[in-house]
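One structure below.
Any read-out appearing in this document is the output of simple, stated calculations on the displayed coordinates, not a laboratory observation. What you see is a predicted model, and the numbers here were worked out from it, not measured in a lab. For neighbour counting, all protein chains shown are included, and Cβ atoms are generated from backbone atoms with ideal geometry for every residue, glycine included.
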Amino acid sequence: MDAFRRGEIDLAYIGLPPAIIGIDSGLPLKCISGGHEEGTVIAAGKNSPSFPETDNLKTILSGFRSIGVPGSGSIHDIILRDTLESTDVNIPVINFPWADEALEAFLNGKIDAVVGTPALAQAVIHFGGGKIVWPPSRLWPSNPSYGIVVRNDLISERKNDLIDFVKTHAKLSEILTKTPELVSPGIARLLGFVDEEFVLNTIRISPRYTHLISKDYVSCTLQLARRMKELGYIKRDFQEDDIFDYTILESL
């Protein structure tokens, strides 16, 4: 959001809660396309109780002395704090600016579990011998882990460019969902520090990549916005048209 505010970027692939915080602060932004759903997962040590061994999330969370999560206001942070409140579990939450800092803290025994992206969960598995203890499908189903967010003026001024961008985004989302093995070698080479298997396992944790904006995605976003207000992240109520603009999707 700071980059939007400074005028350094006009488009971002981002979780919608930070975008909502930005809109609440006065930034002229809209989500024009989906990106990914259900991208928040809980991972911990291999001896931790986990689903489906137990379907009691309170039991799982109560076993942790502390839990790490990316920055305050991220979708992972909001889902975690809502989950702790709804399960009546009181444990310290440590926010980390970057996911790799959360991983390092887990590896060094400073936190017992992490809440974050599938990539962070896979890193806990790969580098820390851990496991997923609560899958993404059971944490706020259809939650808007990523979407394409742009400055409002781009929708009219660069409409054709945005249409081309979303068309490409749609093709790549389909590949990630249906045939990730076609792109995992290239992703691994681009990252440079993980192999193809790591990439494939990460994608398979929650392969819900899409350019579309479903009714469930919208409904969950509005529920999150209401919860964000209750938790003090934003000040005002949000309606669908405060967050979403369907001009580009309707033009495909």
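Okay, here's what the table says:
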| quantity | calculated |
| --- | --- |
| Residue-averaged [θ]222 nm for the chain, counting only DSSP H segments that reach four residues, each worth -39500 (n - 2.57) | -13500 deg cm²/dmol |
| Cα gyration tensor shape for the stretch 15-151, rounded if a/c is under 1.5, else prolate or oblate | prolate |
| Under DSSP loop assignment and at most 15 Cβ neighbours within 10 Å, longest GluC sites (Glu not before Pro)-free interval of the chain | 54-252 |
| Matching label, semi-axes √(5λ) of the Cα gyration tensor in Å computed from the structure shown, candidates (1) 30, 22, 16; (2) 28, 19, 16; (3) 43, 25, 15 | (1) |
| Gained length - Asn108 relative to Glu250, 0.36 nm times residue gap less alpha-carbon distance | 46.2 nm |
| Mean separation of Cα contacts under 8 Å, 6 or more apart, over the residue count of the stretch 177-252: relative contact order % | 20 |
| C-alpha center-to-center spacing [the stretch 52-80, the stretch 12-47] in angstrom | 17 |
| Between 0 and 90°, nearest 10: helix 159-178 axis offset from the chain longest Cα axis | 30 |
| Separation in nanometres of the label points that stand 7 Å from Cα toward Cβ, at Arg138 and Arg189 | 3.9 |
| Simple Cβ-charge dipole of the chain, Lys/Arg +1 and Asp/Glu -1, about Cα centre, in debye nearest 20 | 240 |
| Rounded to whole Hz, the Karplus (6.51, -1.76, 1.60) HN-Hα couplings of the stretch 188-199, x for glycine and proline | 4, 5, 5, 5, x, 10, 10, 9, 4, 4, 4, 4 |
| Loop-located trypsin sites (Lys or Arg not before Pro) in the stretch 176-252, at most 15 other Cβ atoms within 10 Å (DSSP) | Lys235, Arg236 |
| Given Lys30/Lys167; Lys58/Lys131; Lys30/Lys110, the pairs whose alpha carbons are separated by over 27 Å | Lys30/Lys110 |
| Chymotrypsin sites (Phe, Trp or Tyr not before Pro) restricted to the stretch 126-227 and DSSP loop, no more than 13 other C-beta within 10 Å | Phe193 |
| Mean Cα-pair separation over length for the stretch 121-225, i.e. relative contact order, pairs under 8 Å, 6 or more apart, % | 36 |
| Beta bridge orientation in the chain: antiparallel %, DSSP, nearest 5 | 70 |
| For the chain: relative contact order, % (alpha-carbon pairs under 8 angstrom, 6 or more apart) | 31 |
| Under-5 Å amide H pairs with Val89, H placed in peptide plane, nonlocal only | none |
